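The block underneath contains the structure these notes are about, expressed in structure tokens.
The values are calculated or read from the model by the stated rules, or taken from the named source; none is laboratory data. All values derive from a computational prediction rather than experimental measurement. Quick reminder, even Gly has a Cβ in these numbers, built from the backbone with ideal geometry, and neighbours come from all protein chains shown. Heads up: the accessible areas ignore ligands, DNA and RNA and are worked out on the full protein's heavy atoms, side chains in. Shrake-Rupley method; radii C 1.70, N 1.55, O 1.52, S 1.80 Å.
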There are 2 protein chains.
Amino acid sequence: MSDGYDGYDPHAYEPFAVAADLAVFTVRSGSLHVLLIRRGQEPYAGAWALPGGFVLPRESAETAARRELAEETGLADEVVAALHLEQLRTYSEPDRDPRMRIVSVAFTALVPDLPEPAPDGGGDAAHARWVPVADAGELAFDHAAILADARSRIGAKLEYTCLATAFCPPEFTLGELQAVYETVWSTPLDRPNFRRKVLATPGFVEAVPGAARLTGGRGKPAALYKAGPATALHPPLLRPEGHRR
Amino acid sequence: MSDGYDGYDPHAYEPFAVAADLAVFTVRSGSLHVLLIRRGQEPYAGAWALPGGFVLPRESAETAARRELAEETGLADEVVAALHLEQLRTYSEPDRDPRMRIVSVAFTALVPDLPEPAPDGGGDAAHARWVPVADAGELAFDHAAILADARSRIGAKLEYTCLATAFCPPEFTLGELQAVYETVWSTPLDRPNFRRKVLATPGFVEAVPGAARLTGGRGKPAALYKAGPATALHPPLLRPEGHRR
DNA sequence: ACAAAAGTGTTCTGCCTACACCCATGT
DNA sequence: ACATGGGTGTAGGCAGAACACTTTTGT
């Protein structure tokens, strides 16, 4: 910070509020879904919005994001605490909220398709729903832009990180993992090559010895894997169009 | 934002201040430099810090970053307006500033080695200096962490974007461009392969017909190029260690 | 003549693509 | 038996790594 900081009076200006908003994604029945909240009051009453809320005086933005997520979705605290949250970007246009000056730090999170879907929780969670991103349409404030940024970020992240496993349950088949990629990228992938690529990357997935699962009833039972310790994917797993001219 | 936003009183809490801080890099005499400001007052009087300052009530964080950069470095307004600014991340730990709650949106910028170095400007610019990042050491507040994040970000960005040209003057040789990569990555690169890779990427650089420059006095004069319209680099130009196991 | 820097050519390796093929299970 | 999904093998192509070599300048 510059010398311009010194002598600043915190109360001289109309204060800023700082918020944390979340774009929480899951893959469910073949399409990418995002967690949205139905707004109860003006402005944008009745509109859908990303979950989020104000950063409290003794919180960091990330702590606030976790707290709001737990409050609004009824997810268990341990689940929320273990969640991989990633800062997306901060939105600070002066008129992004009609009421007052709000600077919002946006986060992205990826969760598996939860057995008890979040919206069934009590309290604030009553207005939370999983919505296919394709159907999200208009959202309150600038949340449609945040959602678009988050969407494109996770598409890119799948290329060079191991984050795709965050969309899967603790144990999953390679077919399920491939479906995550295909859903997020909206592109079919070659199964043999996908398989080799994933298994050739040390620490991406680890075999669960002896375990197998019948997928969809038909077909050969698939071996089960769990997420490995690796986070980066070298060399990357590129989208089919990614390296074509 | 959630329903938690409604009924919020802007004055109910100790207000937040929002700041924009900048990590401005340049390549100069074979090493990566960052623009730092010597603080005149407490806290951290006499310490080095990243340039930056408060976001004003009607500004976005990015606008504030440009304004502060112009004020503190004496760079021409056109130069600052044309600068490629990229949002790095927002730092919001409650105690990052001992005086009050300050949430800081950090930006990164890359500039060529300026003919008239920024620090020579008048006014606030008097305390600005280019410092080799290796010599930056301890900085005020959490700026050392911001600098480290910015450093690693630009290293990664060079791999898959055309940003390296931002470090070069309007016309440059491929040797100079390669020196940028080698300086930022601290790795020697193979000249023939680098050259082919850059020229094979459409829109990365464009030849300036007929022009040539003697570099260092000795050796064959090098052809000149200017930055092309491309921004992405597909496929990426990976660091030597990047895809080795 | 020699050093230094630009620029060209060539070989080798390894990954990625593609597609053909076998295996196990339910109906 | 056959459909369905899991899993293995293999040939071709393309890009990058490594390095030998030529060209043009200053001393």
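Remarks
- Cα shape, region B:12-158, gyration tensor, a/c 1.5 rule: rounded
- Tail beyond 29 Å, pair distance distribution of the protein assembly as shown (Cα, percent): 57 percent
- Ascending list, in nanometres, of distances separating the A:A76 label from those of the other copies (7 Å, Cα toward Cβ): 6.3
- Ranking by accessible area, most exposed first, for B:L114, A:L158 with a 1.4 Å probe: B:L114, A:L158
- B from A by rotation - nearest chain A beta carbon to the axis, in Å: A:P15, 2
- Mean sequence separation of contacting Cα pairs (under 8 Å, at least six apart), scaled by the length of chain A, corresponds to a relative contact order of 19 percent.
- Relative contact order (percent, whole number), region B:21-166, Cα cutoff 8 Å, 6+ residue spacing: 30 percent
- The mean number of Cβ atoms from other chains found within 10 Å of a Cβ in peptide A:229-235 is 2, as a whole number.
- Per residue of A:16-23, other chain Cβ atoms within 10 Å of the residue Cβ number 5 on average.
- Nearest-ten-degree value, helix B:174-185 long axis tilted from longest Cα axis of chain B: 40 degrees
- Protection proxy ranking of A:132-145, B:89-102, by the mean of other Cβ atoms within 10 Å over each peptide's residues and highest first, is B:89-102, A:132-145.
- Region B:17-42 and region B:53-76: distance between their alpha carbon centers, rounded to Å: 14 Å
- Interface area, B with A, accessible, probe 1.4 Å, both sides summed, Å² nearest 100: 4800 Å²
- Counting from the shortest, the label point at B:T231, 7 Å from Cα toward Cβ, is 2.7 nm from the same position in each remaining copy.
- Accessible surface of B:V34 - all protein chains present, 1.4 Å probe, nearest 10 Å²: 0 Å²
- With Cα atoms, 0 to 90° folded angle of helix A:191-200 axis to chain A main axis: 70 degrees
- Sites matching trypsin sites (Lys or Arg not before Pro) across region B:29-64 that sit in DSSP coil, with at most 13 neighbouring C-beta atoms within 10 Å: B:R58
- Principal axis extents of the Cα atoms in region B:126-191, from largest to smallest and rounded to whole angstrom, are 40, 27, 19.
- Between B:A156 and A:Q41, the FRET efficiency from the beta-carbon distance, with R0 = 60 Å, is close to 0.90.
- Relative to the dominant Cα principal axis of chain B, helix B:143-160 is inclined by about 40°.
- Per-selection Kirkwood Rh - chain B (Cα, Å, 1 d.p.): 19.8 Å
- Rounded percent of accessible protein surface that carbon and sulfur make up, the protein assembly as shown, 1.4 Å probe: 53 percent
- Surface per residue (accessible, 1.4 Å probe) for chain A, Å²: 46 Å²
- Inter-copy label distances at A:D135, using a point 7 Å along Cα-to-Cβ, come to 6.2 nm with the shortest given first.
- Peptide A:89-99 - average C-beta neighbours from other chains (10 Å radius): 5
- A straight Cα-to-Cα reach below 28 Å connects B:K197 with the lysines A:K157, A:K197, B:K157, B:K220, B:K226, residues fewer than 8 places away in its own chain not being considered.
- Electrostatic tally near B:I102: other residues with Cβ closer than 12 Å to its Cβ, Lys and Arg +1, Asp and Glu -1, net -3.
- These residues, A:S104, B:S29, go from largest to smallest accessible area, 1.4 Å probe, as B:S29, A:S104.
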